[in-house]
Structure formats: structure tokens, C-alpha cells
Amino acid sequence: MAGVIGMKKFIYDLWGDAVNIASRMESSGLPNKIQVTETTYERLKNKYLFEKRGQIQVKGWGEMTTYWLEKR
């Protein structure tokens, strides 16, 4: 979910599961690598080359299968 909040000073903010998962993915990633969820992998696997990273522990979600984006 995203929206503008505030009465006098407006702030654009994001909330929800997608934001939390993105934060966990970023914190478990490696420099110069793009890590994606299994959902993203399934949508893009016919257009890009991926390498399966395997399971990572995601706080609040348990284990999650992730992939590295290798090339187009």
C-alpha cells in the first residue's frame, strides 16, 4: 500500500508485505547482485537467465526460495 499522509506536511510512504519482503531481500543480498523472489523468477524466467540461490531465512516469513539474476 502507498499513499500521501499528513495535514500540514505531506509525506509519501509505503506499507505492507511487499515493503517488508523487499527490505529483507536487500539485507540478505550481496554487492553487485540482483536477488529476486520465486514469484518474480516465475514471471521472468523465460526472458532472463537466473541462478537458484536456494533458501534464505526471512524474518517474519520463514524460509524463502530466491534466485540471482544473471543476464538477459
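The values are calculated or read from the model by the stated rules, or taken from the named source; none is laboratory data. Fair warning: this is a prediction, and the values are worked out from it, not measured in the lab. Please note: Cβ atoms are built from the backbone with ideal geometry, for glycine as well, and neighbour counts cover all protein chains shown.
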Original post:
Any residue in segment 9-19 that is surrounded by 10 or more Cβ atoms within 10 Å (Cβ to Cβ), more than 15 Å from the chain's Cα centre (by Cα), at negative phi and at pLDDT below 90?
Top reply: yes
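Of all residues in segment 36-64, count the ones that are within 12 Å of the chain's Cα centre (by Cα) and farther than 20 Å from residue 16 by Cα.
Just the residues of segment 36-64 that are within 12 Å of the chain's Cα centre (by Cα), to begin with: 36-41, 58, 64.
Imposing the further condition that a residue be farther than 20 Å from residue 16 by Cα reduces the set to 41.
Looking only at that region, the number is 1.
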Subject >> Checking residue 26 against (1) under 14 Å from the mean Cα position of the chain (by Cα); (2) surrounded by 10 or more Cβ atoms within 10 Å (Cβ to Cβ); (3) at pLDDT below 95, the condition it does not meet >> reply: (2)
Original post:
Can you tell me which residue in segment 57-72 is nearest to residue 28 (Cα to Cα), limited to those that are loosely packed, with under 11 Cβ neighbours inside 10 Å and modelled with pLDDT under 85?
Top reply: 59
